[in-house]
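Step one of this worksheet: look at the structure below.
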Amino acid sequence: MDSEIINQELNNNELIIVFDRNKERTELNSFGNNPRESFYFKREDFDPPFDDPNLHISVFHGLDQDTIQIKRRELDKMIVWFDSEMGYMDWFRLNYEKYYIIYQDEYLVKGSLNPEHKFTAYEVKIHTGGVE
C-alpha cells in the first residue's frame, strides 16, 4: 500500500510525528524479515513526574497500513510534531484520526530542505499505558 502525496495535503485530522527511533529507552521489534514493512517501537521510563517504569508508549506499523512518500513542500503544509519535544502526556493526549511517523535521522539529512526532497512516512497506531 504505497502512495505518494504530491498535490494534496493530509487532512487536518492527521498528524506527522518526526520520531527519534534512536532515543534512549526506545526499543524496536520488527515482525518478519523486513522491518520497514512491519515494526513496533516501545518506549518506557519517561522524565519525572512520569518516570514510573510501568508507563510506556507503543508505535505500531503493520502490513495493512500505508507507507507514503511526502515531498518537503507538502510536509511544510501539514501538522508536524517532533518526538524530541513530546513528553508522556503529549503522547497520552493525542487526538487525531490518523498518525504517520518520519524517522528523525532521515528527516535531518543533507538536502532535506529542498522542496522536492521526499520523506518516507509510515502510518502507525499509537498506544499509551501502564502495567498495573
For the chain, the Cα convex hull volume per residue in Å³ comes to 118 Å³
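Rounded to the nearest 5, what % of the DSSP beta bridges within the chain are antiparallel ones? Could the numbers behind the result be given before it?
Numbers: 24 of 37 bridges.
Taking every DSSP beta bridge with both residues in the chain, the antiparallel ones total about 65 percent.
Can you show me the helix-derived [θ] at 222 nm for the chain, built from DSSP H runs with n ≥ 4 at -39,500 (n - 2.57) apiece and divided by the number of residues, rounded to the nearest 500.
Details: 3 runs with 13 residues, N = 132.
After summing the helix terms and dividing by the residues of the chain, the value is -1500 deg cm²/dmol.
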Set the bar at 20 Å for Cα to Cα. Now go through Lys77/Lys98; Lys23/Lys77; Lys71/Lys110; Lys23/Lys118 and name every pair that lies beyond it.
Lys23/Lys77; Lys23/Lys118
Residue-by-residue Karplus 3J(HN,Hα) for segment 20-30, coefficients 6.51, -1.76, 1.60, Hz, glycine and proline x
8, 6, 9, 5, 3, 6, 10, 10, 9, 10, 10
Hey, can you grab everything whose amide H is under 5 Å from the amide H of Asp45? Only 5+ residues off in sequence or another chain; H modelled, so Pro and N-termini drop out.
Leu55
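If you add up the charges near Glu116, with Lys and Arg at +1 and Asp and Glu at -1, over every other residue whose beta carbon is less than 9 angstrom from its beta carbon, what do you get?
Values: positive: Lys71, Arg72, Arg73, Lys118; negative: none.
After counting each charged neighbour, the total is +4.
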If each residue of separation counts as 0.36 nm, what is the full-extension length gain between Asn22 and Asn95 once their alpha-carbon separation is subtracted?
23.8 nm
In order over segment 39-45: 3J(HN,Hα) from phi, Karplus 6.51/-1.76/1.60, θ = phi - 60°, whole Hz, x for each Gly or Pro, gives 8, 8, 9, 10, 10, 10, 6
Residues whose placed amide H lies under 5 Å from that of Ser38, excluding near-sequence neighbours
Phe31
Exposed loop trypsin sites (Lys or Arg not before Pro) only (DSSP loop, at most 13 other Cβ atoms within 10 Å): please give the longest stretch of the chain free of them, not including the sites.
37-76
What distance in nm separates the simple spin-label points at Asp47 and Lys77, each placed 7 Å from Cα in the Cβ direction?
3.4 nm
Could you tell me which GluC sites (Glu not before Pro) in segment 58-121 are loop residues by DSSP with no more than 12 other beta carbons within 10 angstrom of their beta carbon?
Glu97, Glu116
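Readers should treat all values here as calculations from the given coordinates under stated rules, not as data from a laboratory. None of these values were measured; they are calculated from a predicted model. Note that we place each Cβ from the backbone using ideal geometry, even for glycine, and neighbour counts take in every protein chain shown.
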